[in-house]
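Following: one structure in C-alpha coordinates, then a few remarks.
The values are calculated or read from the model by the stated rules, or taken from the named source; none is laboratory data. This structure is a prediction, so every number in the text was calculated from the model and none was measured. Reconstructed Cβ throughout: ideal geometry from the backbone, glycine too, with neighbour counts over all protein chains shown. To get the accessible areas, we keep the full protein, side chains included, count just its heavy atoms, and leave off ligands, DNA and RNA. Shrake-Rupley method; radii C 1.70, N 1.55, O 1.52, S 1.80 Å.
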Amino acid sequence: GGLTFTFDCSAQNHVTSKLSFTVFYVKLYTEIHKPFSFRYKDLHVYQLEHPTQVLEWTSGNSVCVAGYSQSKNEILELRLPLKLLADENKSLCAERDFKVSHGGFTDGPVRCLTHIPGTRCAVTNDGLSSDLQVWDLGGEESDVIRRTGSIKGKRSASERGSRIAARPSSAPQVLHGAQISDVQLTELASGETLYKLETDSADPLSSLQFVSDTVFLAGCCNGSVYVADTRTSAPPQLSHSPSSAESVIWWTDAAAGPHPSSRRVIRVSSSGQAVVSDLRNLGGAGCQAQLDVQTPGRCSQVKVSWAPTLDDCISVSGFSGVVQIYNTRLWGAEPQEARPLFEHRGHAVSSQQTDDSVPTFVTSHIWHPERPRTLLSAASDGSVHVWDWVDPNRQGGSPTP
(Lines give C-alpha, C1' and ligand atoms only; values in the text may rest on other atoms or scores of the structure.)
Protein backbone atom coordinates (compact mmCIF):
# COMPACT_ATOMS: atom_id res chain seq x y z
CA GLY A 1 0.00 0.00 0.00
CA GLY A 2 1.52 3.31 -1.12
CA LEU A 3 4.76 1.72 -2.37
CA THR A 4 6.73 3.76 -4.90
CA PHE A 5 9.26 1.71 -6.85
CA THR A 6 11.78 2.88 -9.46
CA PHE A 7 14.75 1.24 -11.11
CA ASP A 8 17.78 2.85 -12.74
CA CYS A 9 20.58 0.88 -14.37
CA SER A 10 23.89 2.15 -15.72
CA ALA A 11 24.52 -0.99 -17.80
CA GLN A 12 24.61 -0.63 -21.58
CA ASN A 13 22.64 -3.80 -22.27
CA HIS A 14 19.15 -2.42 -21.73
CA VAL A 15 17.42 -5.69 -22.67
CA THR A 16 19.27 -7.52 -19.88
CA SER A 17 18.65 -4.57 -17.55
CA LYS A 18 14.89 -4.66 -18.19
CA LEU A 19 14.83 -8.43 -17.71
CA SER A 20 16.70 -8.13 -14.40
CA PHE A 21 14.32 -5.37 -13.34
CA THR A 22 11.29 -7.53 -14.16
CA VAL A 23 12.65 -10.50 -12.17
CA PHE A 24 13.47 -8.23 -9.23
CA TYR A 25 10.08 -6.54 -9.30
CA VAL A 26 8.21 -9.86 -9.34
CA LYS A 27 10.31 -11.23 -6.47
CA LEU A 28 9.91 -8.04 -4.43
CA TYR A 29 6.19 -7.74 -5.16
CA THR A 30 5.71 -11.31 -3.93
CA GLU A 31 7.82 -10.60 -0.85
CA ILE A 32 6.06 -7.41 0.26
CA HIS A 33 2.55 -8.74 -0.30
CA LYS A 34 2.91 -11.66 2.07
CA PRO A 35 0.50 -11.38 5.03
CA PHE A 36 2.04 -9.22 7.77
CA SER A 37 5.25 -8.78 5.76
CA PHE A 38 7.53 -5.77 6.01
CA ARG A 39 6.21 -2.84 3.99
CA TYR A 40 7.73 0.21 2.34
CA LYS A 41 6.57 3.73 1.71
CA ASP A 42 9.23 4.24 -0.98
CA LEU A 43 11.93 2.11 -2.60
CA HIS A 44 14.35 3.27 -5.30
CA VAL A 45 17.08 1.14 -6.87
CA TYR A 46 20.35 2.11 -8.57
CA GLN A 47 22.96 -0.18 -10.11
CA LEU A 48 26.62 0.83 -9.89
CA GLU A 49 29.14 -0.53 -12.35
CA HIS A 50 31.24 -1.65 -9.37
CA PRO A 51 30.14 -2.19 -5.74
CA THR A 52 30.86 0.28 -2.95
CA GLN A 53 31.68 -0.09 0.73
CA VAL A 54 31.12 3.59 1.51
CA LEU A 55 27.93 5.64 1.71
CA GLU A 56 28.40 9.17 3.01
CA TRP A 57 25.95 12.08 3.01
CA THR A 58 27.24 15.31 1.50
CA SER A 59 23.86 17.04 1.91
CA GLY A 60 20.26 16.09 2.63
CA ASN A 61 19.76 14.98 -0.98
CA SER A 62 23.17 13.72 -2.14
CA VAL A 63 25.51 10.91 -1.14
CA CYS A 64 29.09 9.86 -2.02
CA VAL A 65 30.01 6.34 -3.17
CA ALA A 66 33.31 4.84 -4.35
CA GLY A 67 34.60 1.48 -5.56
CA TYR A 68 36.97 -0.79 -3.66
CA SER A 69 38.70 -2.89 -6.33
CA GLN A 70 42.51 -2.95 -6.24
CA SER A 71 42.80 -1.00 -9.49
CA LYS A 72 41.31 2.31 -10.60
CA ASN A 73 37.87 3.14 -9.12
CA GLU A 74 35.16 5.73 -9.56
CA ILE A 75 34.26 8.14 -6.78
CA LEU A 76 30.79 9.59 -7.36
CA GLU A 77 28.35 11.99 -5.77
CA LEU A 78 24.78 10.81 -6.42
CA ARG A 79 21.69 12.96 -6.12
CA LEU A 80 18.67 11.19 -4.64
CA PRO A 81 15.49 10.84 -6.73
CA LEU A 82 13.41 13.99 -6.40
CA LYS A 83 10.33 11.79 -6.21
CA LEU A 84 11.61 10.33 -2.94
CA LEU A 85 12.16 13.78 -1.45
CA ALA A 86 8.74 15.13 -2.48
CA ASP A 87 6.32 15.16 0.46
CA GLU A 88 3.24 15.71 -1.70
CA ASN A 89 2.14 14.95 -5.27
CA LYS A 90 4.83 12.32 -5.81
CA SER A 91 3.09 11.13 -8.97
CA LEU A 92 3.67 14.53 -10.56
CA CYS A 93 7.41 14.46 -9.96
CA ALA A 94 9.22 13.74 -13.24
CA GLU A 95 12.65 12.84 -11.83
CA ARG A 96 12.46 9.31 -10.41
CA ASP A 97 16.07 8.11 -10.68
CA PHE A 98 19.42 8.65 -9.01
CA LYS A 99 21.58 11.17 -10.87
CA VAL A 100 25.38 11.49 -10.92
CA SER A 101 26.11 15.12 -10.04
CA HIS A 102 29.92 14.91 -9.60
CA GLY A 103 32.51 12.25 -10.32
CA GLY A 104 36.18 11.36 -10.48
CA PHE A 105 38.65 8.50 -10.22
CA THR A 106 40.89 7.02 -7.53
CA ASP A 107 44.09 5.08 -8.12
CA GLY A 108 43.15 2.41 -5.59
CA PRO A 109 40.33 1.14 -3.37
CA VAL A 110 38.23 3.34 -1.09
CA ARG A 111 37.42 1.54 2.17
CA CYS A 112 36.51 4.58 4.28
CA LEU A 113 35.12 7.98 3.26
CA THR A 114 34.16 10.95 5.43
CA HIS A 115 32.63 14.24 4.32
CA ILE A 116 33.84 17.38 6.11
CA PRO A 117 30.73 19.26 7.35
CA GLY A 118 30.15 22.67 5.80
CA THR A 119 32.62 22.10 2.95
CA ARG A 120 32.90 20.43 -0.45
CA CYS A 121 35.73 18.29 0.86
CA ALA A 122 35.99 14.58 1.67
CA VAL A 123 38.73 12.41 3.18
CA THR A 124 39.29 8.76 2.25
CA ASN A 125 41.43 5.77 3.20
CA ASP A 126 42.31 2.82 0.98
CA GLY A 127 42.34 0.13 3.69
CA LEU A 128 45.95 -0.77 2.84
CA SER A 129 47.80 1.78 5.00
CA SER A 130 46.87 4.49 7.48
CA ASP A 131 47.48 7.32 4.98
CA LEU A 132 44.53 9.56 4.07
CA GLN A 133 43.56 11.13 0.75
CA VAL A 134 41.87 14.57 0.57
CA TRP A 135 39.33 15.34 -2.18
CA ASP A 136 37.54 18.38 -3.62
CA LEU A 137 34.00 17.26 -4.47
CA GLY A 138 33.48 19.96 -7.10
CA GLY A 139 30.72 22.56 -7.20
CA GLU A 140 28.45 24.49 -9.53
CA GLU A 141 31.30 25.37 -11.89
CA SER A 142 32.85 21.90 -12.07
CA ASP A 143 31.41 18.40 -11.91
CA VAL A 144 34.84 16.80 -11.39
CA ILE A 145 35.91 15.26 -8.06
CA ARG A 146 39.68 15.64 -7.79
CA ARG A 147 42.33 14.74 -5.27
CA THR A 148 43.91 17.80 -3.64
CA GLY A 149 46.23 16.39 -0.98
CA SER A 150 47.12 13.66 1.48
CA ILE A 151 47.78 13.12 5.18
CA LYS A 152 50.55 10.78 6.25
CA GLY A 153 49.52 8.11 8.74
CA LYS A 154 51.63 6.20 11.21
CA ARG A 155 51.54 2.85 9.40
CA SER A 156 52.67 2.07 5.86
CA ALA A 157 50.73 -1.20 5.98
CA SER A 158 47.49 -1.91 7.83
CA GLU A 159 45.19 -4.92 7.77
CA ARG A 160 42.02 -2.84 8.21
CA GLY A 161 43.13 0.66 7.27
CA SER A 162 42.28 3.87 9.13
CA ARG A 163 39.01 4.98 10.65
CA ILE A 164 38.13 8.65 10.08
CA ALA A 165 35.89 11.10 11.96
CA ALA A 166 35.34 14.75 11.03
CA ARG A 167 35.17 17.27 13.85
CA PRO A 168 31.61 18.64 13.67
CA SER A 169 32.02 22.37 14.29
CA SER A 170 35.43 23.87 13.67
CA ALA A 171 37.90 24.58 10.91
CA PRO A 172 38.27 21.36 8.84
CA GLN A 173 39.88 18.78 11.12
CA VAL A 174 39.83 14.97 11.08
CA LEU A 175 40.42 12.37 13.76
CA HIS A 176 42.03 9.26 12.32
CA GLY A 177 44.01 6.10 13.09
CA ALA A 178 44.30 2.38 12.35
CA GLN A 179 45.06 1.34 15.94
CA ILE A 180 44.01 2.95 19.20
CA SER A 181 47.58 4.15 19.82
CA ASP A 182 47.62 5.85 16.38
CA VAL A 183 44.61 8.12 16.95
CA GLN A 184 45.38 11.77 16.25
CA LEU A 185 43.55 14.96 15.27
CA THR A 186 44.90 16.66 12.13
CA GLU A 187 44.11 20.06 10.65
CA LEU A 188 43.45 19.63 6.92
CA ALA A 189 44.71 23.03 5.76
CA SER A 190 48.14 22.78 7.37
CA GLY A 191 48.55 19.07 8.08
CA GLU A 192 49.42 19.97 11.66
CA THR A 193 48.77 17.38 14.38
CA LEU A 194 46.58 19.05 17.02
CA TYR A 195 46.07 16.09 19.37
CA LYS A 196 47.34 12.55 20.02
CA LEU A 197 45.62 9.90 22.12
CA GLU A 198 47.85 8.87 25.00
CA THR A 199 47.78 5.07 25.19
CA ASP A 200 50.17 2.21 24.48
CA SER A 201 47.50 -0.24 23.30
CA ALA A 202 47.89 -1.66 19.81
CA ASP A 203 44.25 -2.78 19.47
CA PRO A 204 42.92 -2.24 15.92
CA LEU A 205 39.99 0.15 15.56
CA SER A 206 36.55 -0.77 14.25
CA SER A 207 34.99 2.70 14.72
CA LEU A 208 35.85 6.29 15.49
CA GLN A 209 33.38 9.14 16.03
CA PHE A 210 32.82 12.44 17.80
CA VAL A 211 30.03 12.52 20.38
CA SER A 212 30.47 16.29 20.89
CA ASP A 213 32.72 18.96 19.40
CA THR A 214 35.69 17.80 21.48
CA VAL A 215 34.80 14.39 23.00
CA PHE A 216 35.19 11.29 20.84
CA LEU A 217 34.63 7.55 21.13
CA ALA A 218 37.01 4.93 19.71
CA GLY A 219 35.72 1.37 19.42
CA CYS A 220 38.21 -1.49 19.12
CA CYS A 221 37.74 -4.80 17.32
CA ASN A 222 38.09 -6.64 20.65
CA GLY A 223 35.07 -4.81 22.09
CA SER A 224 36.95 -2.27 24.22
CA VAL A 225 35.77 1.34 24.02
CA TYR A 226 37.83 4.46 24.73
CA VAL A 227 36.34 7.91 25.42
CA ALA A 228 38.64 10.94 25.34
CA ASP A 229 38.59 14.73 25.07
CA THR A 230 40.79 16.49 22.51
CA ARG A 231 41.18 19.48 24.85
CA THR A 232 43.26 17.54 27.35
CA SER A 233 46.14 15.08 27.36
CA ALA A 234 44.59 13.12 30.24
CA PRO A 235 44.35 9.34 29.75
CA PRO A 236 41.12 8.21 28.08
CA GLN A 237 38.24 6.50 29.85
CA LEU A 238 38.38 2.77 29.08
CA SER A 239 35.57 0.23 29.03
CA HIS A 240 36.63 -3.37 28.43
CA SER A 241 34.91 -5.80 26.11
CA PRO A 242 31.52 -7.24 27.18
CA SER A 243 32.86 -10.70 26.28
CA SER A 244 36.08 -12.58 27.02
CA ALA A 245 35.93 -14.62 23.80
CA GLU A 246 39.09 -13.87 21.80
CA SER A 247 37.71 -14.92 18.40
CA VAL A 248 34.80 -12.44 18.54
CA ILE A 249 35.02 -9.13 16.67
CA TRP A 250 32.98 -6.11 17.78
CA TRP A 251 31.55 -3.03 16.04
CA THR A 252 30.42 0.09 17.88
CA ASP A 253 28.24 3.15 17.41
CA ALA A 254 27.28 5.99 19.75
CA ALA A 255 24.05 7.99 19.85
CA ALA A 256 25.18 11.58 20.34
CA GLY A 257 21.93 13.07 21.67
CA PRO A 258 21.52 16.61 23.00
CA HIS A 259 21.17 15.44 26.61
CA PRO A 260 23.64 13.23 28.55
CA SER A 261 20.87 10.69 29.26
CA SER A 262 20.37 10.14 25.51
CA ARG A 263 24.04 9.41 24.80
CA ARG A 264 24.28 5.66 24.51
CA VAL A 265 26.67 3.16 22.98
CA ILE A 266 25.74 0.00 21.08
CA ARG A 267 28.25 -2.82 20.60
CA VAL A 268 27.52 -5.73 18.23
CA SER A 269 29.72 -8.80 17.95
CA SER A 270 30.42 -11.21 15.10
CA SER A 271 28.37 -13.80 17.00
CA GLY A 272 25.31 -11.51 17.00
CA GLN A 273 25.50 -10.38 20.62
CA ALA A 274 24.40 -6.77 21.16
CA VAL A 275 25.02 -4.67 24.27
CA VAL A 276 23.73 -1.14 24.96
CA SER A 277 25.49 1.04 27.56
CA ASP A 278 25.11 4.56 28.90
CA LEU A 279 28.02 6.67 27.67
CA ARG A 280 28.44 7.92 31.26
CA ASN A 281 28.77 4.35 32.56
CA LEU A 282 30.19 2.15 29.82
CA GLY A 283 31.04 -0.62 32.27
CA GLY A 284 27.36 -1.39 32.90
CA ALA A 285 25.07 -3.03 30.38
CA GLY A 286 21.83 -1.09 30.13
CA CYS A 287 20.23 -3.80 28.00
CA GLN A 288 21.34 -6.57 25.69
CA ALA A 289 20.09 -9.12 23.17
CA GLN A 290 21.06 -11.90 20.79
CA LEU A 291 20.33 -10.62 17.30
CA ASP A 292 18.59 -12.71 14.66
CA VAL A 293 21.56 -12.67 12.25
CA GLN A 294 21.49 -15.27 9.50
CA THR A 295 25.20 -16.07 9.37
CA PRO A 296 26.84 -15.37 12.75
CA GLY A 297 30.60 -15.26 12.51
CA ARG A 298 30.70 -13.42 9.19
CA CYS A 299 32.69 -10.25 9.77
CA SER A 300 33.47 -8.73 6.39
CA GLN A 301 31.46 -5.50 6.46
CA VAL A 302 29.29 -5.49 9.58
CA LYS A 303 27.89 -2.09 10.49
CA VAL A 304 25.68 -1.02 13.39
CA SER A 305 24.10 2.42 13.55
CA TRP A 306 21.72 4.35 15.80
CA ALA A 307 18.80 6.02 14.05
CA PRO A 308 19.44 9.80 14.26
CA THR A 309 15.78 10.80 14.76
CA LEU A 310 14.08 7.64 16.10
CA ASP A 311 14.55 6.90 19.79
CA ASP A 312 15.91 3.45 20.66
CA CYS A 313 16.17 2.15 17.06
CA ILE A 314 19.35 0.64 15.62
CA SER A 315 20.19 -0.84 12.23
CA VAL A 316 22.56 -3.74 11.54
CA SER A 317 23.99 -5.06 8.27
CA GLY A 318 26.92 -7.04 6.88
CA PHE A 319 26.04 -10.54 8.08
CA SER A 320 24.04 -11.29 4.91
CA GLY A 321 22.11 -9.55 2.14
CA VAL A 322 19.68 -8.08 4.68
CA VAL A 323 19.53 -4.80 6.66
CA GLN A 324 17.79 -5.27 10.02
CA ILE A 325 16.22 -2.65 12.29
CA TYR A 326 15.71 -3.36 16.00
CA ASN A 327 13.95 -1.51 18.79
CA THR A 328 16.30 -1.66 21.78
CA ARG A 329 13.50 -0.50 24.10
CA LEU A 330 12.21 -4.08 23.99
CA TRP A 331 15.51 -5.54 25.25
CA GLY A 332 16.17 -6.54 28.85
CA ALA A 333 19.05 -6.77 31.30
CA GLU A 334 19.65 -10.44 30.40
CA PRO A 335 20.45 -11.45 26.80
CA GLN A 336 17.48 -12.94 24.97
CA GLU A 337 16.78 -13.52 21.29
CA ALA A 338 15.49 -10.36 19.66
CA ARG A 339 13.33 -10.17 16.54
CA PRO A 340 13.88 -7.32 14.09
CA LEU A 341 11.31 -4.56 13.87
CA PHE A 342 11.94 -4.40 10.12
CA GLU A 343 14.10 -6.17 7.53
CA HIS A 344 15.13 -4.84 4.13
CA ARG A 345 15.62 -7.94 1.98
CA GLY A 346 15.80 -6.14 -1.35
CA HIS A 347 19.49 -6.86 -2.05
CA ALA A 348 19.08 -10.57 -1.37
CA VAL A 349 15.89 -10.69 -3.46
CA SER A 350 17.40 -8.85 -6.45
CA SER A 351 20.63 -10.87 -6.68
CA GLN A 352 20.80 -13.48 -9.43
CA GLN A 353 22.10 -16.41 -7.37
CA THR A 354 23.30 -19.76 -8.73
CA ASP A 355 24.60 -22.82 -6.91
CA ASP A 356 28.20 -21.75 -7.55
CA SER A 357 27.83 -18.01 -6.91
CA VAL A 358 28.97 -16.17 -3.81
CA PRO A 359 25.96 -14.94 -1.78
CA THR A 360 25.23 -11.23 -1.99
CA PHE A 361 25.87 -9.35 1.25
CA VAL A 362 25.26 -5.77 2.31
CA THR A 363 28.50 -3.76 2.25
CA SER A 364 27.20 -0.58 3.92
CA HIS A 365 24.10 1.28 5.00
CA ILE A 366 23.32 4.71 6.41
CA TRP A 367 20.30 6.54 7.87
CA HIS A 368 19.07 9.78 6.33
CA PRO A 369 20.01 12.59 8.74
CA GLU A 370 16.51 14.12 8.74
CA ARG A 371 13.95 11.68 7.29
CA PRO A 372 13.18 9.33 10.21
CA ARG A 373 12.68 6.03 8.35
CA THR A 374 14.73 6.58 5.20
CA LEU A 375 17.94 4.60 4.71
CA LEU A 376 20.45 3.93 1.95
CA SER A 377 22.09 0.54 1.58
CA ALA A 378 24.66 -0.94 -0.81
CA ALA A 379 25.55 -4.54 -1.60
CA SER A 380 28.35 -6.61 -3.07
CA ASP A 381 26.51 -6.94 -6.41
CA GLY A 382 26.76 -3.16 -7.01
CA SER A 383 23.16 -2.40 -6.09
CA VAL A 384 22.31 0.75 -4.11
CA HIS A 385 18.83 1.06 -2.56
CA VAL A 386 17.18 4.01 -0.86
CA TRP A 387 14.08 2.99 1.06
CA ASP A 388 11.50 4.41 3.44
CA TRP A 389 10.11 1.69 5.70
CA VAL A 390 6.77 1.46 7.46
CA ASP A 391 6.69 0.72 11.19
CA PRO A 392 4.71 -2.56 11.49
CA ASN A 393 3.35 -1.40 14.84
CA ARG A 394 1.59 1.43 13.01
CA GLN A 395 0.00 -0.65 10.26
CA GLY A 396 -2.11 -2.95 12.42
CA GLY A 397 0.06 -6.03 12.22
CA SER A 398 3.42 -7.51 13.06
CA PRO A 399 6.02 -9.11 10.83
CA THR A 400 6.39 -12.83 10.68
CA PRO A 401 9.72 -14.31 11.84
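Condition first: hydrophobic (A, V, I, L, M, F, W, C), at pLDDT 95 or above and over 26 Å from SER212 (Cα atoms). Now tell me which residues in segment 121-179 satisfy that.
VAL144, ILE145 - these are the residues of segment 121-179 that are hydrophobic (A, V, I, L, M, F, W, C), at pLDDT 95 or above and over 26 Å from SER212 (Cα atoms).
Do you know which residues across segment 126-151 are loosely packed, with under 14 Cβ neighbours inside 10 Å and in a strand (DSSP E or B)?
VAL144, ARG146, THR148, SER150
If we scan segment 103-110, do we find a residue that is on the phi < 0 side of the Ramachandran plot, over 16 Å from the mean Cα position of the chain (by Cα), at pLDDT below 95 and open to solvent by less than 10 Å² (accessible area, probe 1.4 Å)?
no
Could you figure out which of (1) within 17 Å of the chain's Cα centre (by Cα); (2) closer than 23 Å to ALA171 by Cβ isn't true of LEU76?
Of the numbered conditions (1) within 17 Å of the chain's Cα centre (by Cα); (2) closer than 23 Å to ALA171 by Cβ, the odd one out for LEU76 is (2).
Within segment 329-388, which residues are acidic (Asp, Glu) and under 19 Å from LEU43 (Cα atoms)?
GLU343, GLU370, ASP381, ASP388
When only residues in segment 310-328 that are at pLDDT 95 or above and in contact with a Cys (Cβ under 9 Å, 6 or more places away or on another chain) count, which is farthest from TRP367 (Cα to Cα)?
Restricting to residues being at pLDDT 95 or above and in contact with a Cys (Cβ under 9 Å, 6 or more places away or on another chain), the top hit is THR328.
Within segment 154-173, which residues are among the basic types (Lys, Arg), within 15 Å of THR124 (Cβ to Cβ) and surrounded by fewer than 20 Cβ atoms within 10 Å (Cβ to Cβ)?
Of everything in segment 154-173, just one residue is among the basic types (Lys, Arg), within 15 Å of THR124 (Cβ to Cβ) and surrounded by fewer than 20 Cβ atoms within 10 Å (Cβ to Cβ), namely ARG160.
Restricting segment 174-194 to residues that are surrounded by fewer than 20 Cβ atoms within 10 Å (Cβ to Cβ) and in contact with a strand residue (DSSP E or B) (Cβ under 8 Å, 6 or more places away or on another chain), which is farthest from ALA228 (Cα to Cα)?
GLY191
For the structure I just gave you, tell me whether VAL123 is outside any strand (DSSP E or B) and within 18 Å of the chain's Cα centre (by Cα).
Spelling it out, it is not the case that VAL123 is outside any strand (DSSP E or B) and within 18 Å of the chain's Cα centre (by Cα).
Given VAL268, VAL211, VAL225, VAL276, which one is without any contact (Cβ under 8 Å) to a residue 60 or more places away in the chain, of a type in the set (A, V, I, L, M, F, W, C) and surrounded by fewer than 22 Cβ atoms within 10 Å (Cβ to Cβ)?
Result: VAL276 is the single residue among VAL268, VAL211, VAL225, VAL276 that is without any contact (Cβ under 8 Å) to a residue 60 or more places away in the chain, of a type in the set (A, V, I, L, M, F, W, C) and surrounded by fewer than 22 Cβ atoms within 10 Å (Cβ to Cβ).
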